[in-house]
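Data first, discussion second: the structure below is written as C-alpha cells.
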Amino acid sequence: MEATMSDATSPDLHRILDSQRTAFLHAGPPDLKQRRTDLRRLKAEILKRRMQIVHALKTDFGQRSERESAIVELIPLVQSINYMIRHVGHWMKPERRHVSAYFQCGWARVVHQPVGVVGIIAPWNYPISLALVPLATAIAAGNRAMLKPSEFTPATSAVIGEIVQTIFPPEQISVVMGDGEVGAAFSALPFDHILFTGSTVVGRKVAEAAARNLTPVTLELGGKSPVVIEPGFSMQRVAERVAFGKLTNAGQTCVAPDYVLVQEDDKEAFAAAYQIAVKKLHPGEYVGSPDYTAILNQHHYERLSGLIHDAEAHGAQVIRMGSDSAPSHVLAPVLILNVKPEMAVMQEEIFGPVLPVLTYKNLDEAIAFINARPRPLALYYFGDKCAEREKLLKRTVSGNVTINGTLLHYAQDDLPFGGVGDSGIGAYHGKEGFMALTHPRGIYKQGRLNAATLLQPPFNKLTDAITNLILR
C-alpha cells in the first residue's frame, strides 16, 4: 500500500501494473452491479470529504474560493458519476449488428469489452475533477486503473490518495505520487490505455512514450480558445459571460476564453462592458478575496506578468482592473487592447485572467485568423444570425462549442469532450468515455446453413454464378 501514498519508483510502478493486470485476467470484467456499486462508493466518499477537499484546494492554491471549488470541481464530478450510474447498463448491452443476406442463419454482435488497466495522468488546475472523472469513467468501463495526480497540488493529491485507499484495493485502483520523473516513467508503462489531461508540450511526450508500447491514448490538451462576437450583439451580455469564463479559477481552465475577436466598431463598447462585468463579479479587492483564486505558484505568476509586460512594451494598451500581490501570486484581471498577433500573449495559451482583444473587419477575416493557428479546444460564438453562426461552425475545426456562453459545454454529460490536433486526441465524458476505454469486440456466430460454403473449393460453374451474383 505504500506506493499508493508516497513517491513511487519504477519497480513500484511495474509491480502495481502487474498486480492489476493479473487480477483483471483472473477475475474478468466486473458485472453491472459491481460497477454501479463502485461508482456509488466513490461518490459517497467524495461527498463525505467535501470540506477536506475544498480546504486542500485552498492550501494548494494559497487563495481559492471554497464556493467556486464546490461549483467547478465537485458539482461536475458528482453529476458525471450520477450520469454514469444511470446509463452504464445501457452502454454495456451487446449491440446487435446487421448480417448479410448470404449469412442470415448466423448472427453478429458487438460487445464492449474493458481494455484492462488504464493509466490516468491528471493536471493541477482542476486536480479533483480532472482526476476522478476519468477514474469514474474507467470504473464504469470495467477497467482497473493507476492514477497519477499532479505533484503541484500535493494537499489535494493526498486527499485523492486517501479517497482511493479507503474504497479500493490497490490491485483494482492505485494512486501513484511523484514528480515529473515519476510521471515520465508512468507514461512509459505498457498500459492498455492512457488518459492524459495537461499541456500540449507534455501531451506530446506522453504520446511518444505510449507509442513505444502501442498504447492507445486519449489526450485532453489546451490551446487558445477564441471568442467571436457578431457585430451589434449585446455587449453587456457578451461581457458578463466572457468574464465568467475568463475569471473562473482565475483563468486557469483549459477551455477558458483565451482571446476575443470583435468587429472594429464594437471594440470600445466591449472593453467598457467587460470592465463593468468584471467589477460586478468581483466588486472588492482581489488579494484575500474569498471569491477569487490565486495563480497556482510564483512561476506561473511571473510567466503571466511577463506576457503582460511584453504586450505593453510592444504598444498594446493594458488595462489593469485591480491590485496584484506577487508574494501571494494573486493576479487581478487584465484587459489588453491593440493586440498584435506576434505578441507573446498570442503565441501561447494564457491560462490566467488576462484577456487580449483583437478586431476583424468581416467574419471571413475572423475565420481566417482562427484557421491560421492550431485548432483550439473550445470555440465561443456570440450572435443571433444563424447564417453567420453556421458559416463559422462549418469553416472552422475545434473541440466543443458554446454559443452565446462560455465553458458550459463541458458540463453537458451527454456531449463528448475532446480536442483536435494540438488541442487533443480522442474524447471522453459520458458514453464517449465509456467507448474510449472499452474495446468494441465484434462476434459472429455462423449458422447451420451458410452460403459461404458454396464458395469453397473445389470451384465450379456454380461458384462463378454465385460470385457474379454477389458482385452485381
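Overview of values
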{"item": "Residue check, Leu335 under 30 Å from the mean Cα position of the chain (by Cα), hydrophobic (A, V, I, L, M, F, W, C), crowded, with 19+ Cβ neighbours inside 10 Å and part of a helix (DSSP H, G or I)", "result": "no"}
{"item": "Elements of type helices (runs of 4 or more DSSP H) in the range 380-472, at least 3 residues being surrounded by 15 or more Cβ atoms within 10 Å (Cβ to Cβ)", "result": "386-395, 430-436"}
{"item": "Cβ pairs under 6 Å, 6+ apart, first in the range 405-423 and under 19 Å from Ile71 (Cα atoms), second among the polar types (S, T, N, Q)", "result": "Leu408/Thr402; His409/Asn400; His409/Thr402; Asp413/Ser80"}
{"item": "Any chance Arg96 is in a strand (DSSP E or B), open to solvent by 80 Å² or more (accessible area, probe 1.4 Å) and either free of Cβ contacts under 8 Å to residues at least 24 places away in the same chain or among the hydrophobic types (A, V, I, L, M, F, W, C) (or both)", "result": "yes"}
{"item": "Any pair with Cβ under 8 angstrom, 6 or more apart, that starts in the range 180-195 at a residue that is open to solvent by 30 Å² or more (accessible area, probe 1.4 Å) and ends at one that is among the polar types (S, T, N, Q) and at pLDDT 95 or above", "result": "Ala188/Asn213; Pro190/Asn213; Pro190/Thr215; Asp192/Asn143; Asp192/Thr215"}
{"item": "Members of the range 54-93 found to be touching a strand residue (DSSP E or B) at 6+ places or on another chain (Cβ under 9 Å), touching a residue at least 24 places away in the same chain (Cβ under 8 Å) and either farther than 25 Å from Ala158 by Cα or aliphatic (A, V, I, L, M) (or both), listed by number", "result": "Trp91, Met92"}
{"item": "Test: residue in the range 79-102 that is closer than 28 Å to His282 by Cα and not charged (D, E, K, R)", "result": "yes"}
{"item": "Strands (runs of 3 or more DSSP E) contained in the range 153-255 and holding at least 1 residues modelled with pLDDT under 95 and under 17 Å from Leu379 (Cα atoms)", "result": "none"}
{"item": "Residue that is nearest to His112 (Cα to Cα), among those in the range 32-71 that are of a type in the set (A, V, I, L, M) and open to solvent by less than 30 Å² (accessible area, probe 1.4 Å)", "result": "Leu39"}
{"item": "Residues located in the range 418-459, provided they are among the aromatic types (Phe, Trp, Tyr) and either under 20 Å from Pro376 (Cα atoms) or more than 15 Å from the chain's Cα centre (by Cα) (or both)", "result": "Tyr428, Tyr444, Phe459"}
{"item": "Breaking point among (1) more than 30 Å from Ile16 (Cβ to Cβ); (2) in a helix (DSSP H, G or I); (3) at pLDDT 95 or above, for Val110", "result": "(2)"}
{"item": "Selected residue [within 30 Å of the chain's Cα centre (by Cα) and surrounded by 13 or more Cβ atoms within 10 Å (Cβ to Cβ)] from His329, His299, His314", "result": "His329"}
{"item": "Residue in the range 341-356 that is more than 29 Å from Gly198 (Cα to Cα) and not in a loop (DSSP other than H, G, I, E, B) present", "result": "no"}
{"item": "Candidates Val159, Val176, Val115, Val110 - the one that is touching a residue at least 40 places away in the same chain (Cβ under 8 Å), within 23 Å of Pro11 (Cβ to Cβ) and β-branched (Val, Ile, Thr)", "result": "Val176"}
{"item": "Where Val118 falls short, out of the listed (1) at pLDDT 95 or above; (2) more than 23 Å from Phe196 (Cα to Cα); (3) not in a helix (DSSP H, G or I)", "result": "(2)"}
{"item": "Members of the range 232-257 that are without any contact (Cβ under 8 Å) to a residue 60 or more places away in the chain and open to solvent by 10 Å² or more (accessible area, probe 1.4 Å)", "result": "Gly232, Ser234, Met235, Gln236, Glu240"}
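The values are calculated or read from the model by the stated rules, or taken from the named source; none is laboratory data. Keep in mind the model is a prediction, meaning the values are calculated, not measured. Note that we place each Cβ from the backbone using ideal geometry, even for glycine, and neighbour counts take in every protein chain shown. In case anyone asks, the SASA skips ligands and DNA or RNA and just uses the protein heavy atoms, side chains included. Shrake-Rupley method; radii C 1.70, N 1.55, O 1.52, S 1.80 Å.
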